[in-house]
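Asks: Here's a structure for you.
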């Protein structure tokens, strides 16, 4: 059994690289806990956000790419494995690629190792996110052809220029789709007089979010009136939410330019020719590619289903052991 695991702040994906398989799990990285016991995980747990009594806690055990609660992260992963029919014996024997943030510290890397052991994984290759994202975005990582990639997920954005030998320049930053959700919540309160929850903000982002100047989509948001505290609703147009999105895209691009500024001249020339490879759920929003291309003044490519680039790249690397051995993070590093 060959597995790739992308344990994200917002969602967890599992990819089976055996013949005839593919993505077998795509669920929120979420746990519902009552009196210290896990009652639901994934989609079932996320549905409970804002709808439970004080006795139920909704926990996201991975925050901005870092494992903040190993116990619940392990219990969540175990239940995900059960959902897709992976037994403990199968996991013990499985060959696994596990995604980790770019530039992760030794201490934080140790928490990923502990988690893998806790859930019964023994043969694990830890690979930094940009390599997986670039591979999953179909970039050609080969000698003399550096690759520039930006992977923007829910809680973390990884930016790097890569070669087959290592990261030439790169970093991980705690900016992603979750920040946009929070900005939408603030906007609705300040300008629409409506308190909304995180699930409603996420829905508005996915339905209305666009960087097109001609976007004219509208939707109804429901929540509580700021003035009366009674249930209320209001209409929202896509152009109203554009500043909520551009604020964080611009922040990602600001730091991306710092990476580009560190490049040797020859590497910069190659990157300018090949452009930037974009992946991650944030890149699904309409006209983000065009916006990034304009701001960076280079060609930008978004792969099909960019939210799955990392886990799909892990599956591809499991079929290319020579490359995998070169780029995996060694346990003693």
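The values are calculated or read from the model by the stated rules, or taken from the named source; none is laboratory data. The structure presented is a predicted model; accordingly, all values stated were derived computationally and were not measured. Note that we place each Cβ from the backbone using ideal geometry, even for glycine, and neighbour counts take in every protein chain shown.
Asks: So, in the range 271-301, exactly how many residues are touching a residue at least 60 places away in the same chain (Cβ under 8 Å), outside any helix (DSSP H, G or I) and closer than 24 Å to residue 101 by Cβ?
Replies: The total comes to 8.
Asks: For the range 188-199, which positions are under 23 Å from residue 51 (Cβ atoms) and either assigned to a helix (DSSP H, G or I) or not assigned by TED's automatic domain parsing to the domain that holds residue 230 (or both)?
Replies: Hits for the range 188-199 are 188, 189, 192, 198, 199.
Every residue, every condition in (1) modelled with pLDDT under 95; (2) within 23 Å of residue 11 (Cβ to Cβ); (3) outside the structural domain of residue 22 (by TED's automatic domain parsing), yes or no:
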position: 233; (1), (2), (3): no, no, yes
position: 265; (1), (2), (3): yes, no, yes
position: 300; (1), (2), (3): no, no, yes
position: 304; (1), (2), (3): yes, yes, yes
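Asks: Collect the residues in the range 4-23 that are in contact with a strand residue (DSSP E or B) (Cβ under 9 Å, 6 or more places away or on another chain) and surrounded by fewer than 16 Cβ atoms within 10 Å (Cβ to Cβ), keeping them in residue-number order.
Replies: First pass over the range 4-23, keeping only residues in contact with a strand residue (DSSP E or B) (Cβ under 9 Å, 6 or more places away or on another chain): 4-18, 21-23.
Those that are in contact with a strand residue (DSSP E or B) (Cβ under 9 Å, 6 or more places away or on another chain) and surrounded by fewer than 16 Cβ atoms within 10 Å (Cβ to Cβ): 18, 21, 22.
Asks: Just one of the numbered conditions (1) assigned to a strand (DSSP E or B); (2) closer than 21 Å to residue 10 by Cβ; (3) not assigned by TED's automatic domain parsing to the domain that holds residue 261 is not true of residue 149; which one?
Replies: (3)
Yes/no matrix, rows are residues, columns are (1) in the same structural domain as residue 291 (by TED's automatic domain parsing); (2) in contact with a helix residue (DSSP H, G or I) (Cβ under 9 Å, 6 or more places away or on another chain); (3) assigned to a helix (DSSP H, G or I); (4) within 30 Å of residue 293 (Cα to Cα):
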site: 184; (1), (2), (3), (4): no, yes, yes, yes
site: 201; (1), (2), (3), (4): no, yes, yes, yes
site: 212; (1), (2), (3), (4): no, yes, no, yes
site: 215; (1), (2), (3), (4): no, yes, no, yes
site: 223; (1), (2), (3), (4): no, yes, no, no
site: 228; (1), (2), (3), (4): no, no, no, no
site: 236; (1), (2), (3), (4): no, yes, no, yes
site: 254; (1), (2), (3), (4): yes, no, yes, yes
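Asks: Mind listing whichever residues of the range 76-98 are over 20 Å from the mean Cα position of the chain (by Cα) and over 27 Å from residue 325 (Cα atoms)?
Replies: 79, 82, 83, 84, 85
Asks: Residues of the range 179-204 being touching a residue at least 60 places away in the same chain (Cβ under 8 Å) and within 17 Å of residue 243 (Cβ to Cβ), which ones?
Replies: At the first step, the residues of the range 179-204 found to be touching a residue at least 60 places away in the same chain (Cβ under 8 Å) are 179-180, 183-184, 197-199.
Passing the criteria: 179, 180, 183, 184.
Asks: Right, next: State which residue is farthest from residue 129 (Cα to Cα) when the search covers only the range 152-182 and only residues that are outside any strand (DSSP E or B) and more than 15 Å from the chain's Cα centre (by Cα). Before you say what the answer is, go through the steps one by one.
Replies: If we filter the range 152-182 for residues that are outside any strand (DSSP E or B), which is where we start, we get 153-156, 164-165, 174-182.
After this cut, where a residue has to be more than 15 Å from the chain's Cα centre (by Cα) as well, the list is 164-165, 182.
On the way: 164: 14, 165: 15, 182: 24 Å.
Residue satisfying both the conditions and the ranking: 182.
Yes or no, residue by residue, for (1) surrounded by 15 or more Cβ atoms within 10 Å (Cβ to Cβ); (2) over 21 Å from residue 146 (Cβ atoms):
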{"residue": "218", "(1), (2)": "no, yes"}
{"residue": "229", "(1), (2)": "no, yes"}
{"residue": "238", "(1), (2)": "yes, yes"}
{"residue": "242", "(1), (2)": "yes, yes"}
{"residue": "251", "(1), (2)": "no, yes"}
{"residue": "259", "(1), (2)": "yes, no"}
{"residue": "264", "(1), (2)": "no, no"}
{"residue": "267", "(1), (2)": "yes, no"}
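Asks: So is residue 58 within 20 Å of the chain's Cα centre (by Cα), modelled with pLDDT under 95 and over 25 Å from residue 158 (Cβ atoms) or not? Break it down stepwise before answering.
Replies: Details: within 20 Å of the chain's Cα centre (by Cα): yes; modelled with pLDDT under 95: yes; over 25 Å from residue 158 (Cβ atoms): yes.
Criteria met by residue 58.
Asks: Just the residues that are under 25 Å from residue 244 (Cα atoms) and in contact with a helix residue (DSSP H, G or I) (Cβ under 7 Å, 6 or more places away or on another chain), please, taken from the range 143-170. Steps first, answer last, please.
Replies: Step one: filter the range 143-170 for residues under 25 Å from residue 244 (Cα atoms), giving 149-160.
Selection gives 149, 150, 151, 152, 153, 154, 155, 157, 158, 159, 160.
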